1. Please give the number of the condition L278 fails out of (1) farther than 20 Å from V110 by Cβ; (2) open to solvent by 40 Å² or more (accessible area, probe 1.4 Å); (3) of a type in the set (A, V, I, L, M).
2. Part of a helix (DSSP H, G or I) and at pLDDT 85 or above: does that describe L124?
3. I need every pair where a residue in region 67-85 that is among the β-branched types (V, I, T) has its Cβ under 7 Å from the Cβ of a residue that is assigned to a loop (DSSP other than H, G, I, E, B), sequence separation at least 6 or different chains.
4. If you scan region 120-129, which residues turn out to be hydrophobic (A, V, I, L, M, F, W, C), closer than 19 Å to L290 by Cβ and within 11 Å of the chain's Cα centre (by Cα)?
5. For the structure I just gave you, tell me whether G260 is touching a residue at least 12 places away in the same chain (Cβ under 8 Å), among the small types (G, A, S) and assigned to a helix (DSSP H, G or I).
6. Name, by its number, the condition in (1) within 17 Å of the chain's Cα centre (by Cα); (2) at pLDDT 85 or above; (3) not polar (S, T, N, Q) that does not hold for L94.
7. For region 27-39, give me the residue count where each residue is open to solvent by 30 Å² or more (accessible area, probe 1.4 Å) and either of a type in the set (F, W, Y) or in a helix (DSSP H, G or I) (or both).
8. From the list L268, L284, L279, which one is in contact with a helix residue (DSSP H, G or I) (Cβ under 7 Å, 6 or more places away or on another chain), under 26 Å from S26 (Cβ atoms), in a helix (DSSP H, G or I) and in contact (Cβ under 8 Å) with a residue 40 or more places away in the chain?
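The values are calculated or read from the model by the stated rules, or taken from the named source; none is laboratory data. What you see is a predicted model; the values in this text were computed from it and never measured. With ideal geometry, Cβ positions are generated from the backbone for all residues, glycine too; neighbour counts draw on all protein chains shown. These area figures cover heavy atoms from the full protein model, side chains too; ligands, DNA and RNA do not enter into them. Shrake-Rupley method; radii C 1.70, N 1.55, O 1.52, S 1.80 Å.
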Amino acid sequence: MRALAIISLLFVLVLISVSTYLRLDSAGIGCADWPACYGLLGVAGDETAALGGMIERLVAGGLLLLMLATTLLSLRQRRDRLLSLVLLGLAVFLAWRGLYSGEPHSPAVVMGNLSGGFALVGLLGWMIFRDARPHANASHKVRRWVVTALVLLCIQIALGGLTSANFAATACTSVPDCHGSWLPGSDLTTAFDLTRQHELGPTGLALGGAERADIHKLHRLVAAVTLLTTLLAGGLALAGRMGMTAVFVIALAALEFSIGVAAILLDLPIGIAVAHNLLAAILLLGLLRLHALCRNRQALL
């Protein structure tokens, strides 16, 4: 079961990266007039789109088979039956979304794809890490901060998806403020509306308003809070002698935040955008590992 979970997790990380690349590339992020063409839908080259789409479907098909094998094994061993069924359901959902989603840039589709992919990462990560042998004197305080960091990271991942779904990644091009402003305005609620479809201009460019800057600013603010919370949780875990896992989480949190800043300063190169998404998934795994260590230690005390 654990070996299948590790292989499945690698497939999910590849799937997240490929899906992110395809979505951003077809939103104009890889076009010659970047960043002026951001939101110009369907501008990806035919060869790139075809190759990427084929890779995405192959990986998704392989993941579906792995989830099916995991489910059958769990039913046979009478272990993790509910968890394996949830994983299989998520894999089927993502495969269905990939085959039948006619509007890949619809906010509902973007958020469905993102939430499904990261849910798979979280559940598979927990299946792998939950039996981690405790080797630290973790206190309840450390565990509370790790859980808080996990919750904030999940919120931040969702806000990142909304930022992308609203084509708001380039809405703020100054750091640390957003063109003289720090706080989101009253148009923020529009960015949370998953039922709306993007209106297109005469050239095929997705139209948007003040909600783009608002969701971008909220994403920045929560990023700062998440960074500080994760650094504190990692620092407390390091003081509690959790070793390399704590160092890994601290380094990842700092790197993820730095890449987010670099994406703004460098006009969001597609490689940095994909790395930003992938590192969020790896940071989620690191915090899950810390949580497993804290949880198992408390169970022994």
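1. Unmet condition: (1).
2. Details: part of a helix (DSSP H, G or I): yes; at pLDDT 85 or above: yes.
Considered against the rule, which asks whether it is part of a helix (DSSP H, G or I) and at pLDDT 85 or above, L124 comes out as yes.
3. T70/M1
4. Initially, region 120-129 is screened for residues hydrophobic (A, V, I, L, M, F, W, C), giving 120-121, 123-124, 126-129.
Remaining after also requiring closer than 19 Å to L290 by Cβ: 121, 123-124, 126-129.
Scanning region 120-129 gives a single hit, V121.
5. Values: touching a residue at least 12 places away in the same chain (Cβ under 8 Å): yes; among the small types (G, A, S): yes; assigned to a helix (DSSP H, G or I): yes.
So G260 passes the test.
6. That leaves (2) as the condition not met.
7. 1
8. On the way: L268 fails: in a helix (DSSP H, G or I); L279 fails: in contact (Cβ under 8 Å) with a residue 40 or more places away in the chain.
Result: L284 is the single residue among L268, L284, L279 that is in contact with a helix residue (DSSP H, G or I) (Cβ under 7 Å, 6 or more places away or on another chain), under 26 Å from S26 (Cβ atoms), in a helix (DSSP H, G or I) and in contact (Cβ under 8 Å) with a residue 40 or more places away in the chain.
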